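Presented below is the structure to which this report refers.
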Amino acid sequence: MIQWKILKQSIKFLLTIAFLWSCSEKKSNSGQDIFLEISERKEFKIGWDGLYNSFLTPHTIASSADRGLIYNYLNHSLDSIFFSKDSAWSKTGEIMEYEGPIGIGRISSFFGWNDTIVLFTNSELFFKSVQTGEVRKKLLLQYPFFKDQKFDHISLSGNIENRFLSYDQKREKAYFMISNFTEKKFYPVSLDLKAGFFEKLPVFLDTIRLKELTLTLNIAQGSISTPDDPAIRMIGDRLFFTYPTFNELVMYEVEEKSQQKFSPESASFPSQRNFPQISSDKMEIMQALELSKNWQNQVSFGPLGYSLNNDLYFRFVHGGVEEASEKAGQIFLELFSKDLQKIQEVNISQLNSDLSREYIQTKHGLMVKAIDQPKEDVMYFYYLNINRSK
């Protein structure tokens with residue numbers, strides 16, 4: 001278990017900030033104003049039962065958006081989480097076994113399907129019955145689709161919102177990105193949960209650019225690769241694909257099997273990362289880790305989110321950090337219309353420098369994790385609400 005350093009600086013003042021700007025979206029002609037509301041700092045009481053305040057672990061949220069489940073890495077359990085307008089808290093869940101007939105490996109993520117919790121690693125799926133607790137397991141290689149794809153595995157982007165976002169409740173399907181680092185290939189698939197089979201999605205992704213912006217460093221013990229695979233998000237009847245390393249959105253209409261590509265511009269941050277000059281020879285591990293850190297500190301584009309109340313898409317972008325600078329990178333929030341035309345972007349770090357880019361979407365707003373976490377048994381956060389005047 002990697003122990004993360006906890007920042008010890010304390011916040012001396014708490015403010016409620018509202019940011020207002022006129023929306024001059026020409027293409028959608030909305031004629032409405034949009035404003036952000038940021039609450040005072042609040043407490044997510046995680047206690048001493050294994051949850052971390054340094055990062056958000058995989059979670060899922062109920063349809064009511066006032067509660068959910070979160071994976072506890074230390075206990076290997078699914079803990080309950082609850083949200084009110086003033087705070088959040090957790091309740092330790094039943095510890096899952098690693099071995100045996102109901103054993104479940106250390107998971108990458110999970111989601112709910114009818115009366116089943118589907119958990120998965122990069123090479124295996126577990127189907128746990130909510131009613132009986134029984135677990136059905138299946139390796140990727142046991143599915144006919146992967147019979148001759150021994151090095152292909154399920155990949156997850158370095159998500160800003162650490163939640164499985166591509167479950168299709170209407171069609172009872174789940175969508176995954178598959179990657180193969182040996183061959184440097186990436187492609188999306190669907191899993192029909194009822195029929196139990198995978199198939200490749202007819203989506204064209206810019207795999208050439210993706211390969212060019214995939215950092216793999218050779219070291220004596222093997223290689224180091226960064227988690228920069230595309231993210232998938234299911235919203236309505238659309239699948240959205242985003243890339244952490246470059247500014248491109250792909251919208252795929254599931255019913256029509258058609259797609260569109262968007263490259264929204266910004267004057268505030270670069271459109272892609274700059275690939276470093278590296279030797280093909282093996283390097284010392286500390287040098288590789290430093291290069292990997294600098295790579296991750298460059299601009300990073302999050303998955304697309306959706307504000308149902310405002311009928312708006314949004315995305316968090318980390319503007320990047322200069323190598324010589326020790327200052328935290330600026331966080332931006334982009335807003336898009338329903339046809340994915342960019343309405344506006346705002347530097348939320350200028351509104352509150354304690355805002356990170358990690359969040360949970362709740363009924364009370366986006367629960368954005370604070371950067372400063374002075375207490376180990378509490379995760380501090382702010383509610384960020386996107387409001388649209390009527």
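The values are calculated or read from the model by the stated rules, or taken from the named source; none is laboratory data. Just so it is clear, the model here is predicted, and its values are computed rather than measured. We place every Cβ from the backbone using ideal geometry, glycine too, and count neighbours over all the protein chains shown. These accessible areas exclude ligands, DNA and RNA; they are computed on the full protein's heavy atoms, side chains included. Shrake-Rupley method; radii C 1.70, N 1.55, O 1.52, S 1.80 Å.
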**Item:** Residues located in segment 344-371, provided they are open to solvent by less than 20 Å² (accessible area, probe 1.4 Å) and either of a type in the set (A, V, I, L, M) or part of a loop (DSSP other than H, G, I, E, B) (or both)
**Value:** VAL346, ILE348, ASP354, LEU355, ILE360, LEU366, MET367, VAL368, ALA370
**Message:** Here are the criteria: (1) farther than 23 Å from SER179 by Cα; (2) outside any loop (DSSP other than H, G, I, E, B); (3) touching a residue at least 12 places away in the same chain (Cβ under 8 Å); (4) not hydrophobic (A, V, I, L, M, F, W, C). Tell me which single one SER292 does not satisfy.
**Reply:** (1)
**Asked** Across segment 208-228, which residue is nearest to PRO276 (Cα to Cα) among those that are outside any strand (DSSP E or B) and among the polar types (S, T, N, Q)?
**Response** THR214
**Prompt:** Does at least one position in segment 243-253 carry a residue that is surrounded by fewer than 15 Cβ atoms within 10 Å (Cβ to Cβ) and free of Cβ contacts under 8 Å to residues at least 40 places away in the same chain?
**Reply:** yes
**Prompt:** If you go through segment 181-192, how many residues are under 23 Å from the mean Cα position of the chain (by Cα) and open to solvent by 10 Å² or more (accessible area, probe 1.4 Å)?
**Reply:** 6
**Request:** Keeping to segment 156-203, report how many residues are at pLDDT 95 or above, part of a loop (DSSP other than H, G, I, E, B) and aromatic (Phe, Trp, Tyr).
**Result:** 0
**Item:** Considering residues of segment 210-222 that are free of Cβ contacts under 8 Å to residues at least 40 places away in the same chain and surrounded by fewer than 15 Cβ atoms within 10 Å (Cβ to Cβ) only, the residue farthest from the chain's Cα centre (by Cα)
**Value:** GLY222
**Prompt:** Of all residues in segment 48-61, which are among the small types (Gly, Ala, Ser) and either open to solvent by less than 20 Å² (accessible area, probe 1.4 Å) or not in a loop (DSSP other than H, G, I, E, B) (or both)?
**Reply:** GLY50
**Asked** Out of all the residues in segment 183-231, which are among the charged types (D, E, K, R) and either over 25 Å from VAL299 (Cβ atoms) or out of contact with any Leu (no Cβ under 9 Å at 6 or more places or on another chain) (or both)?
**Response** GLU183, LYS185, ASP192, LYS194, GLU199, LYS200, ASP206, ARG209, LYS211, GLU212
**Fill in**
When restricted to GLN260, GLN287, the only residue in a strand (DSSP E or B), farther than 23 Å from LYS369 by Cβ and either more than 19 Å from the chain's Cα centre (by Cα) or in contact (Cβ under 8 Å) with a residue 60 or more places away in the chain (or both) is GLN260
**Request:** Please work out if ASP206 is out of contact with any strand residue (DSSP E or B) (no Cβ under 7 Å at 6 or more places or on another chain), closer than 30 Å to ASN53 by Cβ and not β-branched (Val, Ile, Thr).
**Result:** no
**Complete:** From the option list LYS91, LYS85, LYS128, LYS45, single residue qualifying as surrounded by 19 or more Cβ atoms within 10 Å (Cβ to Cβ), more than 23 Å from SER157 (Cβ to Cβ) and either without any contact (Cβ under 8 Å) to a residue 60 or more places away in the chain or more than 21 Å from the chain's Cα centre (by Cα) (or both) is LYS128
**Prompt:** Based on what the data block shows, is ILE117 open to solvent by less than 60 Å² (accessible area, probe 1.4 Å) and among the aliphatic types (A, V, I, L, M)?
**Reply:** yes
**Prompt:** If the Cβ limit is 9 Å and pairs must be 6+ apart or interchain, which residue in segment 374-387 that is crowded, with 18+ Cβ neighbours inside 10 Å pairs with which residue that is of a type in the set (Ser, Thr, Tyr) and assigned to a loop (DSSP other than H, G, I, E, B)?
**Reply:** MET379/TYR52; MET379/SER54; PHE381/SER39; TYR382/SER39; TYR383/SER39; LEU384/SER39
